[in-house]
Amino acid sequence: MAEDLTIVKGNKTEQYETLIPQIKALLDGEPDLIANLANTVAALKEQFSWLWVGFYLVKNDELVLAPFQGPVACTRIRKGRGVCGASWAQAKTLIVTDVEKFPGHIACSSLSKSEIVVPVMRNNEVIAVLDVDSESYSTFDETDQRYLEQIIELISFN
Ligand code: SME
């Protein structure tokens, strides 16, 4: 596909519905995981202009920073620590409307106000998380959860 992304304005659903086929096209035929994670976060960042969007991969007993877009971030997160580690431990998507109210939240950037973390499940195990941070409160809701969960299913983590 052409490497230019078509960016739309409109409501969240319209934005995701336009973006998802483009992410599919970017991933199509490309087996390299890092390349695919990199383009997925770049596409999300370009469409939504969130503060930070990126992946952490489960390696041994930690989450390790993987392709992302945004300010520099903490490299390693232990299971149960912060929103990412909690999402890993609970194996479920966590939506945090105000990060200050989340016990143990890891503030990689003081600009972050709200966050969503989506675990990537394969064979009933969490193998990665997708983390998104916003500079505004209450940015993320069930619509983001639904579409971000769809997007991570497009990626082959083999
Ligand atoms: N806030 C996350 C840490 C990762 S950064 O936001 C990129 C957390 O509490 O797990």
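The values are calculated or read from the model by the stated rules, or taken from the named source; none is laboratory data. What you see is a predicted model, and the numbers here were worked out from it, not measured in a lab. Every residue, glycine among them, receives a Cβ derived from its backbone with ideal geometry; neighbour counts consider all protein chains shown. For accessibility, only protein heavy atoms count, side chains too; no ligands or nucleic acids. Shrake-Rupley method; radii C 1.70, N 1.55, O 1.52, S 1.80 Å.
Listing for the model above:
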quantity: Surface per residue (accessible, 1.4 Å probe) for region 57-139, Å²; calculated: 51 Å²
quantity: Surface share of carbon and sulfur [accessible, 1.4 angstrom probe, percent] for the chain; calculated: 46 percent
quantity: Computed E for E3/E142 - FRET, C-beta separation, R0 30 angstrom, nearest 0.05; calculated: 0.45
quantity: Mean residue ellipticity (222 nm) of the chain, computed from DSSP H runs ≥ 4 via -39,500 (n - 2.57), nearest 500; calculated: -10500 deg cm²/dmol
quantity: Whole-Å semi-axes of region 1-76's equivalent ellipsoid (Cα gyration tensor); calculated: 24, 16, 10
quantity: Nearest-0.05 FRET efficiency for T75 and A35, computed from C-beta distance (R0 30 Å); calculated: 0.90
quantity: Set of lysines near K24 by C-alpha distance (under 17 Å), chain-local residues within fewer than 8 positions excluded; calculated: K45
quantity: Karplus 3J(HN,Hα) series, Hz, for region 66-75 with 6.51 cos²θ - 1.76 cosθ + 1.60 (x for Gly, Pro); calculated: 10, x, 8, 10, x, x, 3, 9, 5, 7
quantity: From phi via Karplus (6.51, -1.76, 1.60), per-residue ³J(HN,Hα) for region 9-24 in Hz, x at Gly/Pro; calculated: 8, x, 6, 3, 4, 4, 5, 5, 5, 7, 6, 4, x, 6, 5, 4
quantity: Modelled FRET efficiency - R0 30 Å, I20 with E100, Cβ distances, 0.05 increments; calculated: 0.40
quantity: Positive minus negative residues near W50 (Lys, Arg vs Asp, Glu; Cβ under 13 Å); calculated: -3
quantity: Three-way shape label, region 1-151, alpha-carbon gyration tensor, a/c 1.5; calculated: oblate
quantity: Inter-part distance where region 1-78 and region 96-158 are each reduced to a Cα centre, Å; calculated: 12 Å
quantity: At most 16 other Cβ within 10 Å, DSSP loop - chymotrypsin sites (Phe, Trp or Tyr not before Pro), region 108-158; calculated: Y137, F157
quantity: Values of log10 I(q)/I(0), in the order q = 0.17, 0.18, 0.24 Å⁻¹, for region 88-158 under a Debye, Cα-only, solvent-free model; calculated: -0.63, -0.70, -1.09
